[in-house]
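Undergrad: My questions will all concern the structure given below.
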Amino acid sequence: MTTPRKARYQGVFPVVPTTFRENGELDLASQKRCVDFMIDAGSNGLCILANFSEQFVLSDDERELLTREILAHVAGRVPVIVTTTHFSTRVCAERSRRAQDMGAAMVMVMPPYHGASIRVAEPVIEQFFARLSDAIDIPIMIQDAPVSGTTLTPAFLAKMAREIEQVSYFKIETAGAASKLRELIRLGGDAIEGPWDGEEAITLLADMDAGANGAMTGGGYPDGIRTIVDPYLAGDRETAMVAYNRWLPLINYENRQGWLLAAKALMKEGGVIDCEAPRHPIPPMHPATRAGLIDVARRLDPLVLRWGK
C-alpha cells in the first residue's frame, strides 16, 4: 500500500454536469444551483466541461460562456479544473490561457485524438503538452481516458512529468488503474504531485491503496465520496473501507447503469435542477434505470435528494 502524497489539490473534485432545458438550451439558473449544491455537499473542488459534462455536445461559444459564468459564480469558494481538450495544440493552448485568465486552478487535457483512427505518436504528444505548458502558469492534469484511444504508458507519463513544468496531475481512467498509478508514482517520484482516481470511484479503494490522493467522480454525491477519501487521506483505511462498502452500490449503479446521466437524475429528484435531460443525440435514461438509481440512493440519504426541498 502506497501512502498518498500531499499536494496543492487533493480530495474530491467531482465533474459538474451541464444543465439543459427540455428544448436543449443551456439552463444557467439550474447550472448555478448545481454548483452551489456540489460545494455544499463538500466538494474539495470542481471540474467543468469534462466528458461527464457532455462537453462533446457544446459549441465553442457555450464552452466560453459556461467557463466564465461558473468561475464567476464559484468566486473562489473552491478551486475549479477546466477541461480544455482539443486536437489542435494552438486551440488547446488558447482555451487553456482563457480558462486561466478567468480563474481556473488547473486545466485537464486528453492527448490529441480525433474520431476512431486519428492519433499522434509519443514525440508529438510530448510536444503538445510542452507547448501547452509554455502557454500557461497553472498545473496540467493529463486525462488518461479510453475515449482518446491513445495508450499512455506509465514510463511516458512519468517522463513528461519530470520534463514538462506544468504537467503534474494525472487522472487515470484506464483498466487496471491501480497498477498504473503505482507504477507512475514509482517512476515519476516527486514530479507526480496528483495521481488521481478517475472511474467514478468504482476502483477508489484500490487506487488510493496505490497512492492516489484525488478522486474525480460524478457530481451527485460528493458527501458520500468524502466519507471514503477523508479518512483514507488521514491514515484511517479501515473507516474508509467501511464507507466504501456502504456507498459502493450507488457508485456501481452510476458507473454501470446511469453513466453521465446519473448526477442530473439525482439532482432533478432532489430539486437542485429543473431538468435532467441530456442534449440530443444522447438518449435519456430509461425510466426503469432511473427508478433503480433513486432506490439505491434513497437508502443512503445523500444530500442531493434533500438539498432543493
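Undergrad: Please identify the pairs in which a residue from segment 171-194 that is under 21 Å from residue 82 (Cα atoms) and touching a residue at least 60 places away in the same chain (Cβ under 8 Å) has its Cβ atom under 9 Å from the Cβ atom of a residue that is surrounded by 21 or more Cβ atoms within 10 Å (Cβ to Cβ) and among the basic types (Lys, Arg), counting only partners at least 6 apart or on another chain.
TA: Correct list of pairs: 194/171.
Undergrad: Further question: Test each condition in (1) touching a strand residue (DSSP E or B) at 6+ places or on another chain (Cβ under 8 Å); (2) closer than 27 Å to residue 255 by Cα for residue 92 and report the one that comes out false.
TA: It fails just one condition, (2).
Undergrad: Filter segment 167-192 down to residues that are touching a Lys or Arg at 6+ places or on another chain (Cβ under 7 Å) and not small (Gly, Ala, Ser), then give me how many there are. Quick ask: steps written out before the conclusion?
TA: Here is the first cut: in segment 167-192, the ones touching a Lys or Arg at 6+ places or on another chain (Cβ under 7 Å) are 172, 174, 188, 191.
Still in the running and not small (Gly, Ala, Ser): 172, 174.
So the count comes out to 2.
Undergrad: Scan segment 168-197 residue by residue and report those that are more than 15 Å from residue 10 (Cα to Cα) and either of a type in the set (Val, Ile, Thr) or in a strand (DSSP E or B) (or both).
TA: 174, 185
Undergrad: Can you name the condition, by its number, that residue 309 falls short on among (1) surrounded by fewer than 18 Cβ atoms within 10 Å (Cβ to Cβ); (2) of a type outside the set (Gly, Ala, Ser); (3) modelled with pLDDT of 95 or more?
TA: Condition not satisfied by residue 309: (3).
Undergrad: Then there is this: Is it the case, given these coordinates, that residue 4 is in contact (Cβ under 8 Å) with a residue 40 or more places away in the chain, under 24 Å from residue 95 (Cα atoms) and touching a Gly at 6+ places or on another chain (Cβ under 7 Å)?
TA: Working: in contact (Cβ under 8 Å) with a residue 40 or more places away in the chain: yes; under 24 Å from residue 95 (Cα atoms): no; touching a Gly at 6+ places or on another chain (Cβ under 7 Å): yes.
When the stated conditions are applied, residue 4 does not pass them.
Undergrad: Now, a different point. Could you list, in sequence order, all residues of segment 250-309 that are in a loop (DSSP other than H, G, I, E, B) and in contact with a Pro (Cβ under 7 Å, 6 or more places away or on another chain)?
TA: Initial filter on segment 250-309 (in a loop (DSSP other than H, G, I, E, B)): 270-286, 299-302, 306-309.
Scanning segment 250-309 gives 277, 278, 284.
Undergrad: So, one more: Determine, yes or no, whether residue 207 is part of a helix (DSSP H, G or I), over 30 Å from residue 22 (Cα atoms) and touching a residue at least 12 places away in the same chain (Cβ under 8 Å). Spell out how you get there, then give the answer.
TA: Numbers: part of a helix (DSSP H, G or I): yes; over 30 Å from residue 22 (Cα atoms): yes; touching a residue at least 12 places away in the same chain (Cβ under 8 Å): yes.
Yes: the conditions hold for residue 207.
Undergrad: Residue check: is residue 297 under 26 Å from residue 206 (Cα atoms) and under 22 Å from the mean Cα position of the chain (by Cα)? Write out each step before concluding.
TA: Working: under 26 Å from residue 206 (Cα atoms): yes; under 22 Å from the mean Cα position of the chain (by Cα): yes.
Criteria met by residue 297.
Undergrad: Being within 18 Å of the chain's Cα centre (by Cα) and either of a type in the set (S, T, N, Q) or under 29 Å from residue 12 (Cβ atoms) (or both) narrows it down to one of 160, 141, 102, so name that one. If you could, list the steps in order and put the result at the bottom.
TA: Working: 160 fails: within 18 Å of the chain's Cα centre (by Cα); 102 fails: within 18 Å of the chain's Cα centre (by Cα).
Exactly one residue qualifies, and that residue is 141.
Undergrad: Answer yes if at least one residue in segment 57-68 is crowded, with 17+ Cβ neighbours inside 10 Å, among the aliphatic types (A, V, I, L, M), touching a residue at least 24 places away in the same chain (Cβ under 8 Å) and touching a helix residue (DSSP H, G or I) at 6+ places or on another chain (Cβ under 6 Å), and no otherwise.
TA: No, that holds for no residue.
Undergrad: Quickly run through segment 136-161 and pick out the residues that are outside any loop (DSSP other than H, G, I, E, B) and exposed (fewer than 15 other Cβ atoms within 10 Å of the Cβ). It would help to see each step written out before you state the result.
TA: Initial filter on segment 136-161 (outside any loop (DSSP other than H, G, I, E, B)): 140-144, 146-148, 154-161.
Once the filter is applied, which keeps residues that are outside any loop (DSSP other than H, G, I, E, B) and exposed (fewer than 15 other Cβ atoms within 10 Å of the Cβ), segment 136-161 yields 146, 147, 155.
Undergrad: Enumerate the pairs (first residue in segment 75-91 and outside any loop (DSSP other than H, G, I, E, B); second residue anywhere and among the β-branched types (Val, Ile, Thr) and surrounded by 13 or more Cβ atoms within 10 Å (Cβ to Cβ)) with beta-carbon separation below 6 Å, excluding pairs fewer than 6 apart on the same chain, so at least 6 apart or on different chains.
TA: The qualifying pairs are 80/74; 82/48; 82/67; 82/107.
Undergrad: Restricting attention to segment 168-188, which residues are surrounded by fewer than 24 Cβ atoms within 10 Å (Cβ to Cβ) and of a type in the set (D, E, K, R)?
TA: Scanning segment 168-188 gives 173, 180, 182, 183, 186.
Undergrad: Could I ask something else about it? Which of (1) surrounded by fewer than 21 Cβ atoms within 10 Å (Cβ to Cβ); (2) part of a loop (DSSP other than H, G, I, E, B); (3) not aromatic (Phe, Trp, Tyr) does residue 111 not meet, given it meets every other one?
TA: (1)
Undergrad: Still on this structure: Name the single residue that is farthest from residue 53 (Cα to Cα) among those in segment 263-301 being touching a residue at least 60 places away in the same chain (Cβ under 8 Å) and buried (at least 21 other Cβ atoms within 10 Å of the Cβ).
TA: The qualifying residue farthest from residue 53 (Cα to Cα) is 297.
Undergrad: Here's something else I'd like to know. Being surrounded by fewer than 22 Cβ atoms within 10 Å (Cβ to Cβ), closer than 20 Å to residue 144 by Cβ and of a type in the set (Val, Ile, Thr) narrows it down to one of 83, 89, so name that one.
TA: Unique residue meeting the criteria: 89.
The values are calculated or read from the model by the stated rules, or taken from the named source; none is laboratory data. Just so it is clear, the structure is predicted and the values come from calculations on it, not from any experiment. Neighbour counts run over all protein chains shown; Cβ positions are idealised from the backbone, glycine included.
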